[in-house]
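The values are calculated or read from the model by the stated rules, or taken from the named source; none is laboratory data. Please read all numbers here as calculations on a predicted model, not as lab measurements. For neighbour counting, all protein chains shown are included, and Cβ atoms are generated from backbone atoms with ideal geometry for every residue, glycine included.
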Amino acid sequence: MERRQAFLMVLAASFLALLIYLTAIPKKTSEEEFPLKAFSRDVAIILTGDVMLGRTVMTKSLDSGEPTYPFKKVAGQLAEADFVFVNLENPIIENCPRTSTGLKFCADPKLTSGLKLAGVNVVTLANNHAGDYGKGGMEKTVEFLEEAGIEAAGRGNLVIKEKKGIKFGFLGFNFVSSGPKDEDFKLVSDSDKKVEVLIVGVHWGEEYKDRASKLQREWAKKLVEAGADVIVGHHSHWVQDSESIEGKPVYYSLGNFVFDQMWSQKTRQGLSLKLTYRNGQLVKIEELPIYMSSWAQP
């Protein structure tokens, strides 16, 4: 009897040890059993206000030996996005004159390092200053941007960026001097057929106004009807109102982001947007207020 009890005890102990061993082996799971988290399919895009790297911004950056100075405090946040789209308000040329005044803008090529540090990969050159140094200045600007890995929209061209199987399109228009033309709306319509998401940056309206004009609202409606999914405005140097048109977000002006207009609270304030897309659908808009606390540095 004692021998039989001992045998049963050994058998039970062996079974228990085997059970512990088997349960300790990690089980291979399938995607159905352990689905990927939703955020792994997300694409983040950050849109900012006016970026002007000339005049005092350039002088202070070069004198400090830090050409990335304007973006140092925000680079980490911006670079986390998949795409960063800004309005670049100046040509980039060699031998750019140093000045703190005047309305003819330019920036030294060294300052593209700040854009690159901040993860900027698309800019619009559709504004009233990108052509301050003529056709040659525009060509050099595009060349220096490309060397930094940055594509330039706003030249009658569509920039397409693809991420996680979704094509995102970026366009830029300057409506400040003469308003939109029929071919502008046609470009939007044609571009809409080539991408899943179309983001349009527009230079328009009046400076130093915090409400969009009637014309801006009319143009925004036409842009949405043509196929724009998101519209962001520039030029006023102040943050303006926003609205939804047929379910599409329209921000009439994001104000300044990097600019040497330090003489008022409204010109030192700006708004950035973080758009989150999931499977090509806009699921979240985060409004990120900014303030330039020191010379042109948000």
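Restricting to the stretch 78-94, and then to whatever is closer than 27 Å to Arg41 by Cα and surrounded by 15 or more Cβ atoms within 10 Å (Cβ to Cβ), can you tell me which residue is modelled with the lowest pLDDT?
So, considering only residues that are closer than 27 Å to Arg41 by Cα and surrounded by 15 or more Cβ atoms within 10 Å (Cβ to Cβ), the one modelled with the lowest pLDDT is Ala79.
Looking for whichever is of a type in the set (Lys, Arg), under 21 Å from the mean Cα position of the chain (by Cα), within 24 Å of His234 (Cα to Cα) and modelled with pLDDT of 90 or more here; the options are Lys73, Lys104. Which one fits?
On inspection, the qualifying residue turns out to be Lys73.
Hey, among the residues in the stretch 219-247 that are surrounded by fewer than 19 Cβ atoms within 10 Å (Cβ to Cβ) and either of a type outside the set (Val, Ile, Thr) or within 20 Å of the chain's Cα centre (by Cα) (or both), which one's nearest to Val51 (Cα to Cα)?
At the first step, the residues of the stretch 219-247 found to be surrounded by fewer than 19 Cβ atoms within 10 Å (Cβ to Cβ) are 221-222, 225, 241, 243-247.
Filter once more, keeping what is either of a type outside the set (Val, Ile, Thr) or within 20 Å of the chain's Cα centre (by Cα) (or both): 221-222, 225, 241, 243-244, 246-247.
On the way: Lys221: 26, Lys222: 26, Glu225: 29, Asp241: 20, Glu243: 23, Ser244: 25, Glu246: 29, Gly247: 28 Å.
In this case the residue turns out to be Asp241.
Given the criteria among the polar types (S, T, N, Q), closer than 22 Å to Ile45 by Cα and modelled with pLDDT of 95 or more, does Ser213 qualify?
Working: among the polar types (S, T, N, Q): yes; closer than 22 Å to Ile45 by Cα: no; modelled with pLDDT of 95 or more: yes.
Against the criterion (among the polar types (S, T, N, Q), closer than 22 Å to Ile45 by Cα and modelled with pLDDT of 95 or more), Ser213 does not qualify.
Which numbered condition in (1) over 21 Å from Glu246 (Cβ atoms); (2) buried (at least 19 other Cβ atoms within 10 Å of the Cβ) is the only one that Leu158 fails?
(2)
Starting from residues that are of a type in the set (Asp, Glu) and outside any helix (DSSP H, G or I), keep the ones in the stretch 37-70 and report whichever is modelled with the lowest pLDDT.
Once the filter is applied, the top-ranked residue is Glu66.
Which of the numbered conditions does Pro97 fail, given that it passes all the others? Conditions: (1) surrounded by fewer than 20 Cβ atoms within 10 Å (Cβ to Cβ); (2) over 18 Å from the mean Cα position of the chain (by Cα); (3) touching a residue at least 24 places away in the same chain (Cβ under 8 Å); (4) part of a loop (DSSP other than H, G, I, E, B).
It is condition (3) that Pro97 fails.
What number of residues within the stretch 281-297 satisfy the criterion of being modelled with pLDDT under 95 and either in a loop (DSSP other than H, G, I, E, B) or basic (Lys, Arg) (or both)?
4
Here's the yes/no breakdown for (1) among the aliphatic types (A, V, I, L, M); (2) within 26 Å of Pro70 (Cα to Cα):
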site	(1), (2)
Val123	yes, yes
His129	no, yes
Arg155	no, yes
Lys163	no, no
Lys167	no, no
Val176	yes, no
Phe185	no, no
Ile199	yes, yes
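Only one of these is touching a Phe, Trp or Tyr at 6+ places or on another chain (Cβ under 7 Å) and either hydrophobic (A, V, I, L, M, F, W, C) or under 27 Å from Thr99 (Cβ atoms) (or both): His203, His234. Name it.
Selected residue: His203, the only one of His203, His234 that is touching a Phe, Trp or Tyr at 6+ places or on another chain (Cβ under 7 Å) and either hydrophobic (A, V, I, L, M, F, W, C) or under 27 Å from Thr99 (Cβ atoms) (or both).
Within the stretch 241-276, track down each residue that is at negative phi, part of a loop (DSSP other than H, G, I, E, B) and modelled with pLDDT of 95 or more.
If the condition is that a residue be at negative phi, part of a loop (DSSP other than H, G, I, E, B) and modelled with pLDDT of 95 or more, then Asp241, Tyr252, Ser253 are the ones that fit.
For the stretch 161-174, give me each residue that is surrounded by fewer than 20 Cβ atoms within 10 Å (Cβ to Cβ) and in contact (Cβ under 8 Å) with a residue 40 or more places away in the chain.
Result: Lys163, Lys164, Ile166.
Here is a check on your reading of the model: is Thr112 touching a Phe, Trp or Tyr at 6+ places or on another chain (Cβ under 6 Å) and more than 22 Å from Gly255 (Cβ to Cβ)?
The answer is yes for Thr112.
Each row is one residue, and each column tells you yes or no for (1) in contact (Cβ under 8 Å) with a residue 60 or more places away in the chain; (2) in contact with a Leu (Cβ under 9 Å, 6 or more places away or on another chain); (3) among the aromatic types (Phe, Trp, Tyr); (4) farther than 27 Å from Tyr251 by Cβ.
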| residue | (1), (2), (3), (4) |
| --- | --- |
| Thr48 | yes, yes, no, no |
| Glu66 | no, no, no, yes |
| Gly137 | no, no, no, yes |
| Leu145 | no, yes, no, no |
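Check Ile245 against each of (1) of a type outside the set (Asp, Glu); (2) out of contact with any helix residue (DSSP H, G or I) (no Cβ under 7 Å at 6 or more places or on another chain); (3) under 23 Å from Glu183 (Cα atoms) and name the one condition it does not meet.
(2)
List every residue pair whose Cβ atoms sit under 7 Å apart, with the two residues 6 or more apart in sequence or on different chains, where the first one lies in the stretch 263-292 and is more than 15 Å from His234 (Cα to Cα) and the second, anywhere, is in a helix (DSSP H, G or I).
What qualifies is Arg278/Ala38; Arg278/Arg41; Asn279/Arg41; Tyr291/Arg268; Met292/Arg268.
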